[in-house]
Amino acid sequence: MKIIKYNTWLLIAVIVGLFSCTKTEYIDYEKSELNRIISYRVTNTEQELLGAINEEKNTITLYVPYYYAIEYLMADIKLDEGAKLYDATGEEINLDGGLEPVRLGADTVKYTVKSASGTSRSYSLIQKILPYGQPLNVTVTGAANATVMLDKPVNGRLVLTGNFESTSTNARFTFTNRATGEKHSNYASAFSVAPGTLYTMLVDISPDAMAGEYDVKMEHQGRVINLNPLKLYYRRPYVTQILSSKHYAPGDTIEFSISRNSPTDDRYGTVFVGLKKLYLRVAGTDLTYTPAGFPLDMLNKNIDMKIASATRTMVKAIFPDITAGTYSNSGWGAEPIANSIYHVRPTYGMAFYGDFDEQTDLGNDVLINRGGSFGITVLPKR
């Protein structure tokens with residue numbers, strides 16, 4: 001009886017085992033597309049910086065310490081085997097020559113990686129500055145306190161002192177027009193930063209900025225502060241350089257260029273804005289300092305010049321048809337002109353003047369250039 005029961009249970013176990021067997025199916029392994037960025041390394045820092053690659057979000061996040069005084073990131077990149085790299089325009093990047101430098105603090109940079117089979121993946125490079133541990137404190141030279149509005153000429157210069165703790169010029173300035181609310185991120189740029197107990201930063205105001213009242217926000221290496229509000233205005237141009245030559249024939253092109261002679265004195269910040277007329281004038285009471293043959297009735301008369309092209313910092317004009325010879329220029333008058341620097345008209349010799357649109361408040365008959373310390377030589381007409 002026990003034997004029968006044992007055999008019965010054995011049979012049941014065998015039947016259950018047969019029905020519980022499952023069939024194993026083998027599926028081919030699906031290989032991932034070889035279109036990845038394997039590593040992203042910045043090599044022009046004291047210690048290499050490694051980008052954090054997120055394959056799900058397709059991002060490369062780069063953390064840059066505040067004390068690195070670099071303007072551009074030089075990176076080395078490695079891809080999957082057989083993959084190629086493309087820029088935002090779709091042009092292939094030759095990695096043998098290295099990546100194009102990326103400006104520190106630049107907007108998001110896009111890279112596209114394409115596998116040998118043609119599938120692509122796009123990555124975004126995100127920069128994050130690791131800031132200094134204390135709040136940014138900045139003083140604007142010439143400001144009695146942190147809220148007073150300062151008058152500054154367009155194309156002038158600001159001098160800032162503060163705890164920058166870095167000589168990096170990676171600074172961004174946002175100008176918000178108080179009248180319109182319009183924001184401008186290209187109205188100022190850091191020229192240099194010098195270390196000290198407090199660091200000194202020189203900031204250039206763009207010659208393309210528009211006159212008006214602005215609130216100004218500054219960001220430097222991950223820290224932000226509101227600076228003094230600024231009232232930008234146009235200063236009458238006084239040009240210390242004639243770039244082309246000191247010898248001209250009628251029909252030649254003469255170039256006038258704005259020059260900032262002093263690194264910190266923003267009185268030199270002038271622009272050509274709204275220039276509508278340009279002319280030369282030979283000053284004097286007689287013909288003593290003029291070439292032979294120059295008409296007496298042309299003394300102190302405006303001789304128009306055609307403006308060939310003009311920007312805020314340079315004007316090109318066509319030299320007029322006047323008597324050939326050397327026009328000496330060594331006489332200085334004593335007529336200072338408001339809102340200018342060294343605007344002293346010569347008592348004799350050749351000088352250049354301009355008229356400006358009324359909305360610029362620059363006026364007419366504005367001295368542009370005195371013709372150089374040694375005068376101008378006019379060549380015979382070609």
With the condition being at pLDDT 90 or above and closer than 29 Å to residue 191 by Cα, I'd like the strands (runs of 3 or more DSSP E) fully within the range 8-126 carrying at least 1 qualifying residues.
37-42, 59-65, 75-79, 109-114
Need the failing condition index for residue 43 against (1) of a type in the set (Val, Ile, Thr); (2) over 25 Å from the mean Cα position of the chain (by Cα); (3) farther than 15 Å from residue 122 by Cβ, just the number.
(2)
Failed item, numbered, when residue 278 is tested on (1) in a strand (DSSP E or B); (2) at pLDDT below 95; (3) not hydroxyl-bearing (Ser, Thr, Tyr)
(2)
Taking into account only those residues within the range 176-217 that are hydrophobic (A, V, I, L, M, F, W, C) and over 15 Å from the mean Cα position of the chain (by Cα), which is farthest from residue 269 (Cα to Cα)?
198
Within the range 122-142, the residues that are buried (at least 16 other Cβ atoms within 10 Å of the Cβ) and of a type outside the set (Phe, Trp, Tyr) are 125, 126, 127, 129, 131, 136, 138, 140
Find the residue count for the range 49-92, including only residues that are closer than 20 Å to residue 169 by Cβ and among the polar types (S, T, N, Q).
0
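The values are calculated or read from the model by the stated rules, or taken from the named source; none is laboratory data. Computed from a prediction, not measured in an experiment: that's the story for all the values here. Every residue, glycine as well, gets a Cβ built from its backbone with ideal geometry; the counts of neighbours run over all protein chains shown.
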